[in-house]
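Here is the structure we will look at, set down as structure tokens.
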Amino acid sequence: MATTTIETDTELSAVNSILGAIGQAPITQLKDNSGNITNNNPEIQFIYNLLRDANVDTQAEGWHFNRERHLPFDKDSNTNKIAISADILKLDLPDNWSRRHYNFVRRGGFLYDKITHTDTFPDMGATIELDVIKLYNYDDLPPVFKRYITYRAARTAATQLVANPQLVQLLGQQEALSRASVMEYECNQGNHSMFGFEDDTAYQTYQPWRNLRR
């Protein structure tokens, strides 16, 4: 049976969607092979920045796809520092709400403790586990998030570049609908529970239909 191939959104298609939303012509190239912006049009660069900002703002909320628990970070044996890359948007110790021995943030590219006021940890082990929210490139996002980010950036572009309140309202409605799709995706993929069960655990919930089946 033949496989159906559907290309997912890219940054170029997202920028063209935003351009189309505000009545502008599409472009054929956004970046070169090295990932650098090749279009010198200030409006294109402005729209690309809106897309990038919407991407960061959306991912910073923390979702199932970009949240990782107990991610190991290695300590440099010479400096006793723990490097934290720029793609880490948020970090915390697992279960830090109940154990307040540390209060970690990212500062100067390294892990920093606000309680001891230091970024060196000579007494800590070689590896520490953190709960993090990571930033991913637009092309690596789930499709529903790509659409939401595009509509979010399009509404912002229409607000700042086009004097048309009706268009802004229409794009706002599209953004709201795509936000609903994002929330549905999050609920289905995250398997969230009010009891807060950890990953790699098993729990059989109460299922009323089993009693009705008798």
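The values are calculated or read from the model by the stated rules, or taken from the named source; none is laboratory data. A quick note: this is a predicted structure, and the numbers were derived from the prediction, not measured. With ideal geometry, Cβ positions are generated from the backbone for all residues, glycine too; neighbour counts draw on all protein chains shown. Note: areas computed on protein heavy atoms with side chains; ligands, DNA, RNA excluded. Shrake-Rupley method; radii C 1.70, N 1.55, O 1.52, S 1.80 Å.
The table that follows gives values for the structure above.
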read-out: Carbon plus sulfur fraction of accessible area for region 30-141, probe 1.4 Å, in percent; value: 45
read-out: Which of Met183, Met124 is most accessible, then next, and so on - probe 1.4 Å; value: Met183, Met124
read-out: Crossing angle, helix 11-21 versus the chain [Cα axis fit, 0-90 degrees, rounded to tens]; value: 50
read-out: Cβ charges +1 (Lys, Arg) and -1 (Asp, Glu), total dipole of the chain, debye; value: 620
read-out: Nonlocal amide H pairs with Asn103, under 5 Å, H built at 1.01 Å; value: Lys114, Ile115, Thr116
read-out: Accessible surface ranking that places the most exposed of Asp113, Asp140 first, with a 1.4 angstrom probe; value: Asp140, Asp113
read-out: Cα-derived Rg to Rh of region 35-80, Kirkwood definition; value: 1.24
read-out: Equivalent ellipsoid semi-axes, the chain, via Cα gyration tensor eigenvalues times 5, rooted, Å; value: 37, 29, 17
read-out: Computed [θ] at 222 nm, helices only, for the chain once each DSSP H run of length n ≥ 4 contributes -39500 (n - 2.57); value: -12500 deg cm²/dmol
read-out: Local electrostatic count, Pro142, Cβ distance below 12 Å [Lys/Arg +1, Asp/Glu -1]; value: -3
read-out: Cα long-axis angle, helix 42-60 against the chain (0 to 90 degrees, to the nearest 10); value: 30
read-out: Solvent accessible area, Å² - Arg179, 1.4 Å probe, full protein context; value: 70
read-out: With Cα atoms, 0 to 90° folded angle of helix 143-161 axis to the chain main axis; value: 60
